[in-house]
2 protein chains.
Amino acid sequence: MKILISNDDGIDSPGIAALTKELKKIGDVTVIAPRTEQSAVGHAITMKFPLRITEYYKNGDFFGYAIDGTPADCIKIGIRNILKEKPDIVISGINCGSNTAINIIYSGTVSAAREAAIMDVPAIAVSVTSHEPNHYEYAAKFSADLTKLVVQHKLTTGTLLNVNVPDLPDEQIKGVLLTQQGKSKWDDIYEERLDPYGKKYYWLTGNLMQVDNNLITDQHAVRENYVSVTPIHFDLTDYETYDKMKHWHLENMHKQKS
Amino acid sequence: MKILISNDDGIDSPGIAALTKELKKIGDVTVIAPRTEQSAVGHAITMKFPLRITEYYKNGDFFGYAIDGTPADCIKIGIRNILKEKPDIVISGINCGSNTAINIIYSGTVSAAREAAIMDVPAIAVSVTSHEPNHYEYAAKFSADLTKLVVQHKLTTGTLLNVNVPDLPDEQIKGVLLTQQGKSKWDDIYEERLDPYGKKYYWLTGNLMQVDNNLITDQHAVRENYVSVTPIHFDLTDYETYDKMKHWHLENMHKQKS
């Protein structure tokens, strides 16, 4: 099995090392990841600048390829110009910090897996809930187990799995739940400060407004110490509103003009 | 009516000027847009650097606020720290180049409108199909008309409208269609080149693989010279796969371990 591993925390992050170590036990792993941290880049791709591919060594051993771009760039150029063929699966992570509810939209980790899904390659995004995780091992082993399940059951083309794992010792994890994207969102705050020259600047901060209280959601599942697995896709059409909007009679908008 | 206008091509793009001119006829407009072009940034937000707000003048007149960040940043800081209250609607555009099918995922124009929808503000993203458009006026007037319809019918919270307008004279536009996101995707190519020092670098290019051939899709509608209006949202859950995955029995994954 050919496995491509990427992330958004950068190729020297401990999360990608933990994932790689575990996935090497079940397949032929290539690591292609951003040279530097790329958190919250969303699904950005690099078009106005060229990319470079650098071989990356860790403790003297070849570890993989570092790309001076975004997570989505890594998957695109990795499959097109490094692997030169589609891998059997792409795994992105292990991210430091959960990617649940609204955070899925901003996540670079998820966007790497989504780019794979766009290229018709099955994909998993994996995150642990802490920004300074102590427990990558469970998440890494879980990723390997889930990879086997994905190969066995096959994922619908265009679908990826978004996995969030509590940063806890194994025995404190209550179980694994199939979930949906939660509705919790950020209450953003831009802190106003003055630079040394007296000019204002603003830092983004804020609080996540917890509105999810059902284990059917990713957000509540991880808060309750479950591993959360959410199937997501990139068809953004809001079909419910689409049906409602038939009564708007948009076709009349052009006739009114002429 | 309080209207916030943004874009991803930057505050000095002609598309935002055309939109602003038309929307001023129906409401109280504030322009808050990226200082520089931010195409293909997806839904990136700026967390590792502070943002600055600069007043921007055009032909000697105050035009709006320039933010040295992404389109999503503009909406967040614009509503939180400039307007200090929610506008009645956010309009993002007019983008140079269509945002149909897979391009919705990469689009900065759409992400500004999506950030508004995340903040429970109705929103419209507007693009014209050419990268060097000759016909912004129809798209600008259409945006004003659609704004009135959105106010009249109300959009579901969390839904935005993604509008694509052919870059044609009015009389060549065939009509307006309610559409769904198409399935056309990019066949990416990374062109390999050598820098003056003999090192390789790679430019992203490619061809859009046209698989949409039904007027129900945004992609085919604009190719056939119709204005396309697609309701989209940010719930990425793949409910069909969710139902199928109940048979994967993920709950057994944890028990196997202990």
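Can A:Thr109 be described as of a type in the set (Ser, Thr, Tyr), more than 12 Å from chain B (Cβ to nearest Cβ) and crowded, with 24+ Cβ neighbours inside 10 Å?
It is true that A:Thr109 is of a type in the set (Ser, Thr, Tyr), more than 12 Å from chain B (Cβ to nearest Cβ) and crowded, with 24+ Cβ neighbours inside 10 Å.
So for the range B:229-243 (the condition being surrounded by 20 or more Cβ atoms within 10 Å (Cβ to Cβ), more than 7 Å from chain A (Cβ to nearest Cβ) and over 30 Å from A:Tyr226 (Cβ atoms)), does at least one residue qualify?
no
Please count how many residues of the range B:131-168 are within 15 Å of the chain's Cα centre (by Cα) and not hydrophobic (A, V, I, L, M, F, W, C).
The qualifying residues number 6.
Take the residues in the range A:199-235 that are charged (D, E, K, R) and in a loop (DSSP other than H, G, I, E, B), then tell me which one is farthest from the chain's Cα centre (by Cα).
So the residue we want is A:Lys199.
Need the failing condition index for B:Glu85 against (1) loosely packed, with under 15 Cβ neighbours inside 10 Å; (2) assigned to a strand (DSSP E or B), just the number.
(2)
Do we find that B:Val211 is surrounded by 15 or more Cβ atoms within 10 Å (Cβ to Cβ) and not hydroxyl-bearing (Ser, Thr, Tyr) in this structure?
No: the conditions fail for B:Val211.
Please enumerate the residues belonging to the range B:185-205 that are touching a residue at least 40 places away in the same chain (Cβ under 8 Å) and either more than 7 Å from every other protein chain (Cβ to nearest Cβ) or small (Gly, Ala, Ser) (or both).
B:Trp186
Can you tell which of B:Phe63, B:Phe49 is in a strand (DSSP E or B) and more than 14 Å from the chain's Cα centre (by Cα)?
Exactly one residue qualifies, and that residue is B:Phe63.
Taking the options A:Gln181, A:Gln219, name whichever one is buried (at least 20 other Cβ atoms within 10 Å of the Cβ), within 29 Å of B:Leu83 (Cβ to Cβ) and facing chain B (nearest Cβ under 8 Å).
Only one candidate passes the filter, namely A:Gln181.
Would you pick out the residues in the range B:24-46 that are surrounded by 22 or more Cβ atoms within 10 Å (Cβ to Cβ), outside any loop (DSSP other than H, G, I, E, B) and aliphatic (A, V, I, L, M)?
Selection gives B:Val31, B:Ile32, B:Ala33.
Could you list, in sequence order, all residues of the range A:236-258 that are outside any strand (DSSP E or B) and in contact with a strand residue (DSSP E or B) (Cβ under 7 Å, 6 or more places away or on another chain)?
Answer for the range A:236-258, where residues must be outside any strand (DSSP E or B) and in contact with a strand residue (DSSP E or B) (Cβ under 7 Å, 6 or more places away or on another chain): A:Leu236, A:Asp238, A:Thr241, A:Tyr242, A:Met245, A:Lys246, A:Leu250, A:Glu251, A:Met253, A:His254.
A:Tyr57 passes all but one of (1) touching a residue at least 40 places away in the same chain (Cβ under 8 Å); (2) of a type outside the set (S, T, N, Q); (3) away from chain B (no Cβ under 12 Å); (4) out of contact with any Lys or Arg (no Cβ under 9 Å at 6 or more places or on another chain); which number fails?
Checking A:Tyr57 against (1) touching a residue at least 40 places away in the same chain (Cβ under 8 Å); (2) of a type outside the set (S, T, N, Q); (3) away from chain B (no Cβ under 12 Å); (4) out of contact with any Lys or Arg (no Cβ under 9 Å at 6 or more places or on another chain), the one that fails is (1).
Quick one: count up the residues across the range A:125-134 that are at pLDDT 95 or above and surrounded by fewer than 23 Cβ atoms within 10 Å (Cβ to Cβ).
Residues in the range A:125-134 being at pLDDT 95 or above and surrounded by fewer than 23 Cβ atoms within 10 Å (Cβ to Cβ): 1 in total.
Could you list, in sequence order, all residues of the range A:162-178 that are crowded, with 20+ Cβ neighbours inside 10 Å and assigned to a helix (DSSP H, G or I)?
Hits for the range A:162-178: nothing passes.
Could you check the range B:169-196 and list, in sequence order, the residues that are within 27 Å of A:Lys48 (Cα to Cα) and more than 20 Å from the chain's Cα centre (by Cα)?
B:Asp187, B:Asp188, B:Ile189, B:Tyr190, B:Glu191, B:Glu192, B:Arg193, B:Leu194, B:Asp195, B:Pro196
Could you check the range B:151-161 and list, in sequence order, the residues that are within 9 Å of another protein chain (Cβ to nearest Cβ), out of contact with any Lys or Arg (no Cβ under 9 Å at 6 or more places or on another chain) and either modelled with pLDDT of 95 or more or surrounded by 15 or more Cβ atoms within 10 Å (Cβ to Cβ) (or both)?
B:Leu155, B:Thr159, B:Leu161
Kindly indicate whether any position in the range A:137-150 is part of a loop (DSSP other than H, G, I, E, B), within 12 Å of chain B (Cβ to nearest Cβ) and of a type in the set (Asp, Glu).
no
Per-residue answers, yes or no, for (1) under 30 Å from B:Ala116 (Cβ atoms); (2) at pLDDT 95 or above; (3) within 14 Å of chain B (Cβ to nearest Cβ):
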position: A:Thr20; (1), (2), (3): no, yes, no
position: A:Ile32; (1), (2), (3): no, yes, yes
position: A:Glu37; (1), (2), (3): yes, no, yes
position: A:Leu51; (1), (2), (3): no, yes, yes
position: A:Cys74; (1), (2), (3): yes, yes, yes
position: A:Ile77; (1), (2), (3): no, yes, yes
position: A:Asn99; (1), (2), (3): yes, yes, yes
position: A:Ile118; (1), (2), (3): yes, yes, yes
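The values are calculated or read from the model by the stated rules, or taken from the named source; none is laboratory data. Note that the structure is a prediction, hence the values are computed from the model and not measured. Methodologically, a virtual Cβ is constructed for each residue, glycine included, from the backbone with ideal geometry; neighbour enumeration extends over all protein chains shown.
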